[in-house]
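Worksheet: the structure to be examined is printed underneath.
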Amino acid sequence: MTTKIFVPCDAAARAVGADKVAAALVSEAKRLGRAVEIVRTGSRGLFWLEPMIEVQTPAGRIAFGPVKAKDVTDLLTSDFSAGHRLHLGRPEELPFLKRQTRINFARCGIIDPLSLAGYRAHGGGRGIERARSLGAAGTVEEVTKSGLRGRGGAGFPTGIKWKTVADTAADQKYIVCNADEGDSGTFADRMIMEGDPFLLIEGMAIAGFAVGATKGYVYIRSEYPDAIRTMERAVVLAEADGMLGPEAGFDIEIREGAGAYVCGEETSLLESLEGKRGQVRAKPPLPAHKGLFGKPTVINNVLSLVTVPAVLADGAKHYADLGMGRSRGTMPIQLAGNIKHGGLFEAPFGMTLGELVDDIGGGTHSGRPVRAVQVGGPLGAYFPRGLFDTPFDYEAFAARDGLIGHAGVVVFDDTVDMARQARFAMEFCAIESCGKCTPCRIGSTRGMETIDKIIRGERTEANLAIVTDLCQTMKFGSLCALGGFTPYPVLSAIKHFPEDFNRPRLAAAAE
Amino acid sequence: MSPAWDEARAQDILRRHSGRKGALLPILHDIQAEFGCVPAPAIPVIAHTLNLTRAEVHGVVSFYHDFREKPAGRHVLKLCRAEACQSMNGEAFAQQVLERFDLDWGGTTPDGRLTIEPIYCLGLCASSPSAMLDGQPMARLDQDSLDEIAREVG
């Protein structure tokens, strides 16, 4: 009897040896005379257990991990016994997965990402069917009713964006998917593109149908070669199937970025797609009126678009019933950095930061106390333990001078030097600034220099006042979120960790 | 080794993209894949085909971190320097790697076998520190990984 074994092909699993495990399973099975079938899947998102493989049994799939190539012989000869030291049991029963509500990631890690049959067997395709039955206006209405807000960070209601494009008359409209997931601590877009690419294709096709667009672009950052490859293959398969192409009335082209963080900003991304320097455009006009090539354009984050099929398939109410306040539905939260149980945790809005970091994440990887958590990427605020009661919700984070952004949570232990983190925020802004507006272009460099003076202990109070003032200028004077939000990590570090900005640095002095 | 500049090859690449809207980035990626960089003589050829000025094409090449004006070493190691990797002592690891190969950020070894560059996030943030060697992801980097990198680059 052939044993079916699932091995992730997600980049984070490959980065810790999943390909070697897959190859060892094939060669060792052959040597031992066992019949095995290897199926490559996305990742379940429990990265401390990767490579986590699963074996098909009459009682369902049984997980083992973290597996190294040298464990393979042992696993095969023991017939994947429940007594094996890497035995994890049914993945669905692992607390990290059991506590989730997976809507976006329902199939990720389960199916072969490039099997359309597998996609459909696991509920894929129902969203576009329901959209067609509702009609274009009904589809926009349904998305609006779901309360879905843009998952890229700004949290703008997706339905309203779609309606604006739907109501704008034009000979050509576009759907642009922002897959320029540059925030450190985030990987949800990457995982879904590598693990369930047809879901994104379906979401974009629904958007195209709803607003009257016939062409879509997925702009994927070049740092994600695996995601680019998977999406390109998926598009070819979808065309062959008729899910895309003339019959479907919608085409998708995959475009590769070129290493500019600022291209995650929507207008900069449009410039880049047009073949230009990724410089931010002033708004108005909104992309919904004049976007790509001057045409009305829906530009949505990957996670917004992959939510749409579920909203349509199961109804807006089903989705809107989850969450808290004005943050409806679920959010794929990414637990990252110095964390014991890092990975993808999709849950309805409303869990507190403390639950996420301490209960779900299990505290730090190093075993030392958690000191700071940066939520929302390089432009997000650093929160101390004192703010761990903040619920995961757009408004609750904003009320505490933070943001949830793309829901990356990066944990730091007590060895972190927050003055250096503040300096890095300015440095990163200086490296990645598109150069269009002065507060961002010049302010970031001057900010970095001034924080250097503070770190050296030069006129600390006066220089802190200068940095604070500079942050106000950047916040209110920058064209986009790069310059505008860099003050979040800087000011939060100063506010919550003042002791780090006024102390001699023994380590630095000893260098 | 990447092939030397060859205008006919460049024209082939340009032809493959003819009729494509906003094709400059895909063209530059393909040129770089062919020649290992965007060579200076490519700029006027691309500009002419796309009806752009040379300054416009040069402006795009210089704006994006990915595009090189000179070829990199035979192996390219990109070490992540973003926050998640910082939280796991990625900077200290990166310094060790740089010291081992006696390089600064962006530098290439004198024998041309390795270039080390910074990268800001590979999306492997729950398995930090992370890197990419010749396009292949590596994570949970430790002393063993340093030896593995040294073996790979020969």
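The values are calculated or read from the model by the stated rules, or taken from the named source; none is laboratory data. Since the structure is predicted, the reported quantities are computational estimates derived from the model, not experimental observations. Because the Cβ atoms are built from the backbone with ideal geometry, glycine has one as well, and the counts that use them run over all protein chains shown. Just so you know, the surface numbers come from the protein's heavy atoms only, side chains and all, with ligands and any DNA or RNA stripped out. Shrake-Rupley method; radii C 1.70, N 1.55, O 1.52, S 1.80 Å.
Within the stretch A:84-109, can you find the residues that are open to solvent by 70 Å² or more (accessible area, probe 1.4 Å) and either of a type in the set (A, V, I, L, M, F, W, C) or more than 30 Å from A:ASP314 (Cβ to Cβ) (or both)? Please lay out each step first, then the result.
The initial filter retains those residues of the stretch A:84-109 that are open to solvent by 70 Å² or more (accessible area, probe 1.4 Å), namely A:85, A:90, A:92-93, A:95, A:98-99.
Answer for the stretch A:84-109, where residues must be open to solvent by 70 Å² or more (accessible area, probe 1.4 Å) and either of a type in the set (A, V, I, L, M, F, W, C) or more than 30 Å from A:ASP314 (Cβ to Cβ) (or both): just A:ARG85.
Kindly check whether there is at least one residue in the stretch A:195-213 that is farther than 26 Å from A:ARG14 by Cβ and either among the charged types (D, E, K, R) or within 14 Å of chain B (Cβ to nearest Cβ) (or both).
Looking for residues that are farther than 26 Å from A:ARG14 by Cβ and either among the charged types (D, E, K, R) or within 14 Å of chain B (Cβ to nearest Cβ) (or both), one finds none in the stretch A:195-213, hence no.
Out of all the residues in the stretch B:84-93, is one or more under 22 Å from A:ALA260 (Cα atoms), of a type in the set (A, V, I, L, M, F, W, C) and without any contact (Cβ under 8 Å) to a residue 40 or more places away in the chain? It would help to see each step written out before you state the result.
Pass one, the stretch B:84-93, residues under 22 Å from A:ALA260 (Cα atoms): B:84-86, B:90-91.
Those still in the list that are of a type in the set (A, V, I, L, M, F, W, C) too: B:84-85.
Now narrow it down to the ones that are without any contact (Cβ under 8 Å) to a residue 40 or more places away in the chain: none.
No, the conditions are met nowhere in the stretch B:84-93.
Can you tell me which residues in the stretch A:207-218 are closer than 24 Å to A:GLY118 by Cβ and either of a type in the set (A, V, I, L, M, F, W, C) or surrounded by fewer than 24 Cβ atoms within 10 Å (Cβ to Cβ) (or both)?
Those that are closer than 24 Å to A:GLY118 by Cβ and either of a type in the set (A, V, I, L, M, F, W, C) or surrounded by fewer than 24 Cβ atoms within 10 Å (Cβ to Cβ) (or both): A:ALA207, A:PHE209, A:VAL218.
Consider A:THR164 carefully, then state whether it is hydroxyl-bearing (Ser, Thr, Tyr), under 23 Å from A:ASP321 (Cβ atoms), out of contact with any Gly (no Cβ under 9 Å at 6 or more places or on another chain) and buried (at least 16 other Cβ atoms within 10 Å of the Cβ). Can you show your working first?
Numbers: hydroxyl-bearing (Ser, Thr, Tyr): yes; under 23 Å from A:ASP321 (Cβ atoms): no; out of contact with any Gly (no Cβ under 9 Å at 6 or more places or on another chain): yes; buried (at least 16 other Cβ atoms within 10 Å of the Cβ): yes.
It is false that A:THR164 is hydroxyl-bearing (Ser, Thr, Tyr), under 23 Å from A:ASP321 (Cβ atoms), out of contact with any Gly (no Cβ under 9 Å at 6 or more places or on another chain) and buried (at least 16 other Cβ atoms within 10 Å of the Cβ).
For the stretch A:1-55, how many residues meet the condition of being among the polar types (S, T, N, Q), surrounded by 18 or more Cβ atoms within 10 Å (Cβ to Cβ) and more than 11 Å from chain B (Cβ to nearest Cβ)? Give the steps one after another, and end with the answer.
So in the stretch A:1-55, the residues among the polar types (S, T, N, Q) come out as A:2-3, A:27, A:41, A:43.
Keeping just the survivors that are surrounded by 18 or more Cβ atoms within 10 Å (Cβ to Cβ) gives A:41, A:43.
If we keep only those that are more than 11 Å from chain B (Cβ to nearest Cβ) as well, we get A:41.
Number of matching residues: 1.
Can you find a residue that is within 14 Å of chain B (Cβ to nearest Cβ), more than 22 Å from the chain's Cα centre (by Cα) and either farther than 23 Å from A:ASP180 by Cα or open to solvent by 10 Å² or more (accessible area, probe 1.4 Å) (or both) anywhere in the stretch A:351-367? Break it down stepwise before answering.
So in the stretch A:351-367, the residues within 14 Å of chain B (Cβ to nearest Cβ) come out as A:356-357, A:360-367.
So of that shortlist, the ones also more than 22 Å from the chain's Cα centre (by Cα) come out as A:366-367.
Next, from what is left, pick out any that are either farther than 23 Å from A:ASP180 by Cα or open to solvent by 10 Å² or more (accessible area, probe 1.4 Å) (or both): A:366-367.
Yes, that holds for at least one residue.
Just to be sure, is B:LEU146 within 14 Å of chain A (Cβ to nearest Cβ), touching a residue at least 12 places away in the same chain (Cβ under 8 Å) and surrounded by 13 or more Cβ atoms within 10 Å (Cβ to Cβ)? Full working, then the answer.
Working: within 14 Å of chain A (Cβ to nearest Cβ): no; touching a residue at least 12 places away in the same chain (Cβ under 8 Å): yes; surrounded by 13 or more Cβ atoms within 10 Å (Cβ to Cβ): yes.
Taking the combined requirement at face value, the residue does not satisfy it.
Could you tell me which numbered condition A:MET204 fails, if it satisfies all but one of (1) more than 24 Å from the chain's Cα centre (by Cα); (2) open to solvent by less than 10 Å² (accessible area, probe 1.4 Å)?
(1)
Tell me, which residue of the stretch B:58-70 that is surrounded by fewer than 17 Cβ atoms within 10 Å (Cβ to Cβ) and more than 8 Å from chain A (Cβ to nearest Cβ) is nearest to A:LEU379 (Cα to Cα)?
B:SER62
Before we move on, is B:GLY59 small (Gly, Ala, Ser) and either assigned to a loop (DSSP other than H, G, I, E, B) or in the same structural domain as B:ASP142 (by TED's automatic domain parsing) (or both)? Write out each step before concluding.
Numbers: small (Gly, Ala, Ser): yes; either assigned to a loop (DSSP other than H, G, I, E, B) or in the same structural domain as B:ASP142 (by TED's automatic domain parsing) (or both): no.
No, not satisfied.
Taking the condition of being in a helix (DSSP H, G or I) and in contact with an Asp or Glu (Cβ under 6 Å, 6 or more places away or on another chain), how many residues in the stretch A:204-227 meet it?
Taking the stretch A:204-227 as the starting set, the residues that turn out to be in a helix (DSSP H, G or I) are A:204-211, A:225-227.
Add one more test, that the residue is in contact with an Asp or Glu (Cβ under 6 Å, 6 or more places away or on another chain), and what stays is A:226-227.
Going through the stretch A:204-227 one residue at a time, the tally reaches 2.
Could you look through the stretch B:79-134, keep only residues that are open to solvent by 20 Å² or more (accessible area, probe 1.4 Å) and in a helix (DSSP H, G or I), and pick out the one that is farthest from the other protein chains (Cβ to nearest Cβ)?
Ranking the candidates gives B:ARG100 first.
Going by what's in this entry, would A:TYR319 be described as among the aromatic types (Phe, Trp, Tyr), within 14 Å of chain B (Cβ to nearest Cβ) and under 24 Å from A:GLY408 (Cβ atoms)? Give the derivation first.
Values: among the aromatic types (Phe, Trp, Tyr): yes; within 14 Å of chain B (Cβ to nearest Cβ): no; under 24 Å from A:GLY408 (Cβ atoms): yes.
Considered against the rule, which asks whether it is among the aromatic types (Phe, Trp, Tyr), within 14 Å of chain B (Cβ to nearest Cβ) and under 24 Å from A:GLY408 (Cβ atoms), A:TYR319 comes out as no.
Right, B:ARG100: closer than 30 Å to A:ASP414 by Cβ and in contact with a Ser or Thr (Cβ under 7 Å, 6 or more places away or on another chain) or not?
Details: closer than 30 Å to A:ASP414 by Cβ: yes; in contact with a Ser or Thr (Cβ under 7 Å, 6 or more places away or on another chain): no.
For B:ARG100, the condition - closer than 30 Å to A:ASP414 by Cβ and in contact with a Ser or Thr (Cβ under 7 Å, 6 or more places away or on another chain) - is not met.
Check every one of the helices (runs of 4 or more DSSP H) wholly within the stretch A:242-330 and list those with 3 or more residues that are surrounded by 24 or more Cβ atoms within 10 Å (Cβ to Cβ) and of a type outside the set (S, T, N, Q). So that I can check it myself, show each step before the final result.
On the way: elements: A:266-273, A:302-314, A:316-320.
Correct list: A:266-273, A:302-314.
Could you tell me whether the stretch A:387-399 includes any residue that is open to solvent by 30 Å² or more (accessible area, probe 1.4 Å), in contact with a Lys or Arg (Cβ under 9 Å, 6 or more places away or on another chain), not hydrophobic (A, V, I, L, M, F, W, C) and not in a strand (DSSP E or B)?
Within the stretch A:387-399, one or more residues are open to solvent by 30 Å² or more (accessible area, probe 1.4 Å), in contact with a Lys or Arg (Cβ under 9 Å, 6 or more places away or on another chain), not hydrophobic (A, V, I, L, M, F, W, C) and not in a strand (DSSP E or B).
Look through the stretch A:223-241, keep the residues that are of a type in the set (Val, Ile, Thr) and within 14 Å of chain B (Cβ to nearest Cβ), and return whichever of them is surrounded by the most Cβ atoms within 10 Å (Cβ to Cβ).
From the stretch A:223-241, those of a type in the set (Val, Ile, Thr) are A:228, A:230, A:235-236; that's our starting set.
Now restrict to residues that are within 14 Å of chain B (Cβ to nearest Cβ): A:228, A:230.
On the way: A:ILE228: 21, A:THR230: 25.
Looking at the filtered set, the residue picked out is A:THR230.
For B:HIS65, only one of the following conditions fails: (1) of a type outside the set (Phe, Trp, Tyr); (2) over 24 Å from A:GLY278 (Cα atoms); (3) out of contact with any Pro (no Cβ under 7 Å at 6 or more places or on another chain). What is its number?
(2) is the only condition that B:HIS65 fails.
Without any contact (Cβ under 8 Å) to a residue 40 or more places away in the chain and in contact with a helix residue (DSSP H, G or I) (Cβ under 9 Å, 6 or more places away or on another chain) - does that describe any residue in the stretch A:377-385? Before the answer, list the steps.
Quick first cut of the stretch A:377-385, residues without any contact (Cβ under 8 Å) to a residue 40 or more places away in the chain only: A:385.
Filter again for in contact with a helix residue (DSSP H, G or I) (Cβ under 9 Å, 6 or more places away or on another chain), leaving A:385.
Looking through the stretch A:377-385, at least one residue is without any contact (Cβ under 8 Å) to a residue 40 or more places away in the chain and in contact with a helix residue (DSSP H, G or I) (Cβ under 9 Å, 6 or more places away or on another chain).
In the stretch A:140-199, what count of residues is obtained for those that are within 25 Å of A:PRO113 (Cβ to Cβ), in a helix (DSSP H, G or I) and of a type in the set (Asp, Glu)?
Residues that pass the stated criteria total 2.
Here are A:VAL410, A:VAL416: which of them is within 10 Å of another protein chain (Cβ to nearest Cβ), in contact (Cβ under 8 Å) with a residue 24 or more places away in the chain, part of a loop (DSSP other than H, G, I, E, B) and among the aliphatic types (A, V, I, L, M)?
Values: A:VAL410 fails: part of a loop (DSSP other than H, G, I, E, B).
Only one candidate passes the filter, namely A:VAL416.
Give the stretch B:36-57 a look and list any residue that's within 27 Å of A:TYR217 (Cα to Cα), of a type outside the set (A, V, I, L, M) and either touching a residue at least 60 places away in the same chain (Cβ under 8 Å) or surrounded by 16 or more Cβ atoms within 10 Å (Cβ to Cβ) (or both), or say none.
Hits for the stretch B:36-57 are B:GLY36, B:CYS37, B:THR49, B:GLU56.
Which condition number does A:ASP112 fail, the rest of (1) crowded, with 24+ Cβ neighbours inside 10 Å; (2) touching a strand residue (DSSP E or B) at 6+ places or on another chain (Cβ under 6 Å) being met?
Of (1) crowded, with 24+ Cβ neighbours inside 10 Å; (2) touching a strand residue (DSSP E or B) at 6+ places or on another chain (Cβ under 6 Å), only one is false for A:ASP112: (1).
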